[in-house]
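One structure is given here, and the rest of the page talks about it.
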Amino acid sequence: MKHLTVLALSLALLSACGKQDATPPPAPGSSDTPSGPRPEKIANGEPAVITVEHVLIGFKETMPKSNRTKDEARKLAYEVLNRAKSGEDFTKLRKELSDDNATPDAGVYTLVNNGVAKQGSGEYERTGMVPAFGDVGFVLNVTEIGLAEHDSQKSPYGWHIIKRIK
């Protein structure tokens with residue numbers, strides 16, 4: 001029995017001689033993130049990666065620091081949308097009116113679409129944001145502005161006025 005095991009092992013080793021593995025093992029410490037360029041678009045035609053700027057308009061029930069009612073928030077969101085579409089400086093609107101203002105750069109995000117690997121620490125997976133944010137952002141062309149309506153499931157924080165900047 002011992003001879004059969006040695007023979008089988010010898011045959012396996014001989015059959016592998018001269019063959020090169022097409023996929024060498026990763027180098028120690030390397031990551032699973034593919035290097036090289038990402039695709040411009042994914043299979044459904046949406047961009048692979050976008051950068052957006054947004055103004056979040058919340059209300060008392062969604063943003064504890066807000067004093068607005070839901071109706072006041074809706075009205076303000078549409079005013080901001082109209083002002084932005086009329087050419088008013090979007091960054092200025094964001095800095096003055098957005099409830100997403102934890103840091104000076106809050107409100108500018110690079111989103112990576114479903115199935116596309118992140119390549120930087122400043123990127124967010126689409127599924128890591130509220131659904132309406134990506135649903136609107138990924139259909140906009142660069143410089144276009146859209147609105148994500150408040151919805152308890154898809155946009156629970158309020159209204160998002162979104163401008164695609166890259």
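The values are calculated or read from the model by the stated rules, or taken from the named source; none is laboratory data. Note that the structure is a prediction, hence the values are computed from the model and not measured. Glycine also receives a Cβ, built like all others from the backbone with ideal geometry; neighbour counts cover every protein chain displayed.
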* Asked: Out of (1) within 12 Å of the chain's Cα centre (by Cα); (2) under 22 Å from PHE59 (Cβ atoms), what's the single condition that is false for ARG94?
  -> (1)
* Give the residue, chosen from GLU88, GLU79, GLU61, GLU53, that is within 13 Å of HIS160 (Cα to Cα) and either assigned to a loop (DSSP other than H, G, I, E, B) or in contact with a helix residue (DSSP H, G or I) (Cβ under 8 Å, 6 or more places away or on another chain) (or both). => GLU53
* Please go through region 111-166 and pick out each residue that is over 14 Å from the mean Cα position of the chain (by Cα) and aromatic (Phe, Trp, Tyr). => TYR157, TRP159
* Structure fact -> By residue number, the members of region 93-137 that are part of a loop (DSSP other than H, G, I, E, B), touching a Lys or Arg at 6+ places or on another chain (Cβ under 7 Å) and within 21 Å of TYR78 (Cα to Cα) are GLY107, VAL130
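Assess whether ALA102 counts as being loosely packed, with under 14 Cβ neighbours inside 10 Å and either at pLDDT below 90 or within 16 Å of the chain's Cα centre (by Cα) (or both).
Details: loosely packed, with under 14 Cβ neighbours inside 10 Å: yes; either at pLDDT below 90 or within 16 Å of the chain's Cα centre (by Cα) (or both): yes.
Considered against the rule, which asks whether it is loosely packed, with under 14 Cβ neighbours inside 10 Å and either at pLDDT below 90 or within 16 Å of the chain's Cα centre (by Cα) (or both), ALA102 comes out as yes.
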* Could you check how many residues of region 96-113 are over 11 Å from LYS163 (Cα atoms) and in contact (Cβ under 8 Å) with a residue 12 or more places away in the chain? => 8
* Test each condition in (1) over 29 Å from ALA48 (Cβ atoms); (2) modelled with pLDDT under 95; (3) not basic (Lys, Arg) for TYR109 and report the one that comes out false. => (1)
